[in-house]
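The values are calculated or read from the model by the stated rules, or taken from the named source; none is laboratory data. This one's a predicted model, so the numbers in the text were calculated from it and none came from an experiment. Here the Cβ positions follow ideal geometry from the backbone for every residue, glycine too, while neighbour counts run over all protein chains shown.
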Amino acid sequence: MESTIIEKIRELPPELQEEVINFIDFLRTKKNSRCKKKPNLEWIGGLKAYRDQFTARELQEKASDWRD
């Protein structure tokens, strides 16, 4: 597999070889960030102020309307 990849890269012009390097770096960064990232739960309880005004269903509908 490795030799096939190297062979295909060598067939590319230099500017596309640079793009391959950039893409490899992107993939490595993406993999590393996925593994290290913990979920952000700061949003929990963010709608407490609306608890007495709206039901959960009404808030879902409003959120859907605001996105559109």
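Quick one: count up the residues across the range 1-27 that are charged (D, E, K, R) and surrounded by 10 or more Cβ atoms within 10 Å (Cβ to Cβ). Steps first, answer last, please.
So the first thing to find is which residues in the range 1-27 are charged (D, E, K, R), and the list is 2, 7-8, 10-11, 15, 18-19, 25.
In the following step, the residues that additionally are surrounded by 10 or more Cβ atoms within 10 Å (Cβ to Cβ) were identified as 8, 18-19, 25.
Here the count works out to 4.
Scanning the range 10-65 for residues that are at pLDDT below 80 and in a helix (DSSP H, G or I) yields LYS31, ASN32, SER33, ARG34, CYS35, LYS36.
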